[in-house]
Amino acid sequence: MNLLRCVRAALLTAALVGAGDQVFAQDSFAYRATPETPEVRRIVASSEAQACARLGHIDLRRARETGDPAHYTKAEASFKKALDLDPQNVEAMGGMGSLCLSRHRFAEALAWGERAVALNPHNVFLHGVIVDARVELGDYERAVEALQGMMDLRPGLSAYARASYLRELMGDPDGAVEAMEMAVRAGGPNAGEAVWCQAQLGNLHFGQGDLRSAEARYRGALARLPNDAHALAGLGRVRAAQRDWAGAAALYEQALAAMPEHAFAEALGDVYRAMGREEEAERRYADARALLRAEEANGADVDLEMALFEADQGLDLKDATDRQSDALARARREMARRPSSIHAADALAWALYRAGDSEEALSTIRQALRLGTRDARMLFHAGMIAYRAGEREEARKYLEQALAINPHFSIRHADEAASVLRKLGKAGE
């Protein structure tokens, strides 16, 4: 998600709200000064609908800048008001699609995107909603088709960034980096978009174990936006990989202050645990849970994130059995919503493993790996599941791949992967 500095965000919001106020003022004047014919009422309603839609997009941006999910609720109210006034308002339909993506309600996002594209087939933003929704639903072939349509309309930052993600999923990390570099070169209408791409490049390099290139990209992002939360967190991951726990903690604290994101809180908890500061670790894990629940309270589907979180962190609590049951129930719900998604399959497999069902876990993790995605954490899950299921050669293969791709993939799990691999010994033993 894009993140802009607070001052720039405030200026942008003020400018757009000011524009919205002008629209409302002009519409109100027109309504008073003109006879109330049906045509005039339609024009006024259409203009006011457009203003409502723009206010909705302001709140969407603010939610992504601040991490406050309450802005999503405000955005939804504005988009619904716009559609009440003008049911054909494409900007509001696209806003609803984008909102549903942010809330992880991907089937709804797809429906809004397709409805909007039917009215305006030349809008690149609307095609992006469809691409994202299809990717998250696991409809990868049709996502590629939709992306090609987007490229045909207007190749640029948003299209190249989506191409990068698809290449990453398909097991082509070099192609993913190449496409994201094209996105950076293409640029966008504001600094935040280019900075987001730089941070994503850092993530791609980190995901393949290249700490030097990752750090260079994160620093490049921070040179443009010094308080960018995603770049700060990325640099924190690099410091953690280097066992500079104090440096990692400081950077994650900065990232969390800039944006209260559950993943930052969980990572910071892992850093504090590695430092032996258990009370601080537990506070940060509690923060992560609270942030996820706040998103859920504001209409987001966080079943996948909560399932993975509780499958790991819930093991250390007194009510571990209840939390593992909740993780499994959430993972099954997510898989029912997205039966073709590799990420839903990964979450379900890991929750099954933690619940003690190695057989179903193994068949499910194999589904998750079907695209050849070079994700060290997913391969770690596969290796641990295969190990418990008694498939030693398969376990060895997955764990070797995970550590070869990125030996720093997890503060919590990288050492565990190496330990199990030593127990397995060399192939054929």
Legend entry - Where L348 falls short, out of the listed (1) closer than 21 Å to G269 by Cβ; (2) modelled with pLDDT of 95 or more: (1)
Legend entry - Counted residues, the range 297-308 - those being more than 15 Å from the chain's Cα centre (by Cα) and in a helix (DSSP H, G or I): 2
Inset, instruction - Of the numbered conditions (1) crowded, with 19+ Cβ neighbours inside 10 Å; (2) of a type in the set (A, V, I, L, M, F, W, C); (3) out of contact with any helix residue (DSSP H, G or I) (no Cβ under 8 Å at 6 or more places or on another chain), V195 fails exactly one; give the number of that condition. - result: (3)
Inset, instruction - Check every one of the helices (runs of 4 or more DSSP H) wholly within the range 201-260 and list those with 3 or more residues that are surrounded by fewer than 21 Cβ atoms within 10 Å (Cβ to Cβ), at pLDDT 95 or above and not aliphatic (A, V, I, L, M). - result: 211-224, 245-258
Inset, instruction - Return the residue satisfying two criteria in turn: it lies in the range 387-429 and is over 28 Å from H205 (Cβ atoms) and small (G, A, S), and of such residues it is farthest from the chain's Cα centre (by Cα). - result: G428
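The values are calculated or read from the model by the stated rules, or taken from the named source; none is laboratory data. Please read all numbers here as calculations on a predicted model, not as lab measurements. Reconstructed Cβ throughout: ideal geometry from the backbone, glycine too, with neighbour counts over all protein chains shown.
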